[in-house]
Amino acid sequence: VPALWHAPVAVRGRVVAEKEAPVPAIPVRLWARARGKSSGGNTPEPIGVAVCGPSKVETVTDSKGEFAFAAVDSSSELLVVAGAWDDKRGIGLALPKALDDALTLTLEQPAFATARVLDRGDRPAVCKARLESYQPGDTWLMEVLKGSRYEADCDSKGALTFGPMLGGNMSLQIRPKNAVILNLDQQATPAGKKTDLGTFRLTPGDEVVV
């Protein structure tokens, strides 16, 4: 079977916290997939296919907060993640473009969000909801790093709870039972905070009033 040769490259960088302080001894993981491959439920495998020479899927930063992965396929799309949802130091990601340049991953604390959905009689609505991120790499991160919560069911009070997740602007999709899907853009969820997105009321015509 013919195969294309792609020169291996090294992926290197550093992990920092607030005020550019280096973060030593924090895990850093790397995933790869064919460039241009959409997520669509196809979870990319950790790096290990289409690479030459020794490579790692995980390493830890040294005393200067620096890390390196050797012999990565230069044709692949890459995701580099430092920390974890349950790491008190935070989490950060990068999607390397120019592999010759050193990366800087800045840790942030996860975001959380709540909302409430009521029906036209101000009764708790039966619904499902999902937050969609506008941030590059978030969807891929959700697939490979378990523990985040971007989907939720309305509880007995109509309440929704999301997180942990990366901070940023989101679109909120509410799917009431036996009603049309409702899409709400530009919902801000700042990193390190628990944000109340508000109360959404279903009105006649299945519109949403905040």
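The values are calculated or read from the model by the stated rules, or taken from the named source; none is laboratory data. Small disclaimer: the values here were computed from a predicted structure and weren't measured. With ideal geometry, Cβ positions are generated from the backbone for all residues, glycine too; neighbour counts draw on all protein chains shown. Ligands, DNA and RNA are stripped out before the accessible areas are found, and what is left, the full protein with its side chains, is counted by its heavy atoms. Shrake-Rupley method; radii C 1.70, N 1.55, O 1.52, S 1.80 Å.
A few comments on the model shown:
- In region 69-98, residue farthest from Leu141 (Cα to Cα) [restricted to those that are open to solvent by 30 Å² or more (accessible area, probe 1.4 Å) and aliphatic (A, V, I, L, M)]: Ala70
- Region 1-33, subset of a type in the set (Gly, Ala, Ser) and under 30 Å from Gln109 (Cα atoms), residue modelled with the lowest pLDDT: Ala10
- Any hit, region 171-179, residues being of a type in the set (Ser, Thr, Tyr), more than 27 Å from Ala17 (Cα to Cα), under 24 Å from the mean Cα position of the chain (by Cα) and open to solvent by less than 70 Å² (accessible area, probe 1.4 Å): yes
- When residues of region 51-106 are limited to those that are assigned to a strand (DSSP E or B) and hydroxyl-bearing (Ser, Thr, Tyr), the one modelled with the lowest pLDDT: Ser76
- Those residues of region 144-155 which are surrounded by 15 or more Cβ atoms within 10 Å (Cβ to Cβ) and within 22 Å of Pro96 (Cα to Cα), in sequence order: Val144, Leu145
- Matching option when the condition is over 30 Å from Arg201 (Cα atoms) and over 22 Å from the mean Cα position of the chain (by Cα), among Asp155, Asp87, Asp119, Asp101: Asp101
- Of residues in region 107-142 being assigned to a strand (DSSP E or B) and β-branched (Val, Ile, Thr), the one nearest to Lys64 (Cα to Cα): Thr114
- Gly198 meets all of the listed conditions (1) surrounded by fewer than 19 Cβ atoms within 10 Å (Cβ to Cβ); (2) at negative phi but one, namely (2).
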